[in-house]
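What follows is a single structure, written as structure tokens, with notes after it.
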Amino acid sequence: MRLFASLSHYYATRTRERAGLQIHLYGPARIAADLGDDHQVVLRMEGAYPWDGAVRITVEEADGSRWPLSLRIPGWREHAISRPRRTASGVTWLVRVNGEGVGTAVSASGYLTIGRAWNPGDVVELSLPLEPRLTEAHPYVESTRGCLAIERGPLVYCLEQHDQGGVSVRGLEIDPNAPLESAWREDLLDGVTVVQTGGSWVDGASWRGRLYRPVGVGREGERKPVTLTAIPYYAWANRGPSAMRVWIPRG
């Protein structure tokens, strides 16, 4: 609760000695700052992040002075601190000021800085394509070896039993070559973006309740193609008790 109470203090910081403003978090907010020498600025930030990667920042108050505005390029963007990289939907990120593209140089700390004279009505648009992706852990982490996790933007996803079409979440495998598709579901968990991909389900009935058996004794469990449906990890356990997993074995 302490974090939620102080969350607004994490959105932005200022540097009076350089008269700069840094945006760290994205979401609806109104940011007022004194950049020194009675230099007051007010910004209005709009967007539906983390569901949508379009962030719009409007300068409401400024006196025409030149100062740097720094935008954090999140670490989840692949190779985000080096240079934009093309993805299925375009470049890794895009920044426009009043409709015109600006440079994409990002500092080693992960910030893109725009230095210019700012006036009321100036608009900065940041686009962060939120494409779902698969993540793997270091092979020395034994509990996740051979498994993959689903992420989208800054959110980690999980498979919850409720969404798997009646098959046990314990027998699910993910196909790393299957496409990842995301869709907004207004009717689910007060509104979330789900991610779907291909995989298989292993029928363990042939084990007849045994935990172990010699290799080659008994038939291998039948594999059935299935569609995996993932929800944001934070949203699980809101529909009654059920099984859940984040790390999914490769199929």
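Considering only residues that are part of a strand (DSSP E or B) and of a type outside the set (A, V, I, L, M), which ones fall in the range 92-112? Before you say what the answer is, go through the steps one by one.
Step one: filter the range 92-112 for residues part of a strand (DSSP E or B), giving 94-97, 100-101, 111-112.
Once the filter is applied, which keeps residues that are part of a strand (DSSP E or B) and of a type outside the set (A, V, I, L, M), the range 92-112 yields R96, E100, G101, Y111.
Let's see how each residue does on (1) crowded, with 19+ Cβ neighbours inside 10 Å; (2) within 29 Å of P74 (Cβ to Cβ); (3) touching a strand residue (DSSP E or B) at 6+ places or on another chain (Cβ under 7 Å); (4) not acidic (D, E):
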site	(1), (2), (3), (4)
P176	no, yes, yes, yes
A183	no, yes, yes, yes
E186	no, yes, no, no
G204	no, no, no, yes
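Taking the options R44, R30, R14, name whichever one is part of a strand (DSSP E or B), charged (D, E, K, R), in the same structural domain as I114 (by TED's automatic domain parsing) and exposed (fewer than 15 other Cβ atoms within 10 Å of the Cβ). Reasoning before the result, please.
Numbers: R44 fails: exposed (fewer than 15 other Cβ atoms within 10 Å of the Cβ); R14 fails: exposed (fewer than 15 other Cβ atoms within 10 Å of the Cβ).
Residue meeting the stated conditions: R30.
Kindly evaluate Y140 against the criterion of being surrounded by 11 or more Cβ atoms within 10 Å (Cβ to Cβ), aromatic (F, W, Y) and at pLDDT 95 or above. Lay out the reasoning, then the answer.
Working: surrounded by 11 or more Cβ atoms within 10 Å (Cβ to Cβ): no; aromatic (F, W, Y): yes; at pLDDT 95 or above: yes.
So Y140 fails the test.
Output the residues belonging to the range 11-30 that are under 18 Å from the mean Cα position of the chain (by Cα) and of a type in the set (S, T, Y). Reasoning before the result, please.
Residues of the range 11-30 under 18 Å from the mean Cα position of the chain (by Cα): 11, 23-28.
Answer for the range 11-30, where residues must be under 18 Å from the mean Cα position of the chain (by Cα) and of a type in the set (S, T, Y): Y11, Y26.
For the range 119-135, enumerate the residues that are of a type outside the set (A, V, I, L, M) and under 28 Å from S65 (Cα atoms).
Residues of the range 119-135 of a type outside the set (A, V, I, L, M): 119-122, 125, 127, 129, 131-133, 135.
Selection gives N119, P120, G121, D122, E125, S127.
Can you tell me which residues in the range 113-134 are closer than 29 Å to A149 by Cα, out of contact with any Pro (no Cβ under 8 Å at 6 or more places or on another chain) and assigned to a strand (DSSP E or B)?
Residues of the range 113-134 closer than 29 Å to A149 by Cα: 126-134.
Now narrow it down to the ones that are out of contact with any Pro (no Cβ under 8 Å at 6 or more places or on another chain): 126-127, 129, 131-133.
Of everything in the range 113-134, those that are closer than 29 Å to A149 by Cα, out of contact with any Pro (no Cβ under 8 Å at 6 or more places or on another chain) and assigned to a strand (DSSP E or B) turn out to be L126, S127, P132, R133.
The values are calculated or read from the model by the stated rules, or taken from the named source; none is laboratory data. Treat the numbers as computed from the prediction; the structure is a model and nothing was measured. For neighbour counting, all protein chains shown are included, and Cβ atoms are generated from backbone atoms with ideal geometry for every residue, glycine included.
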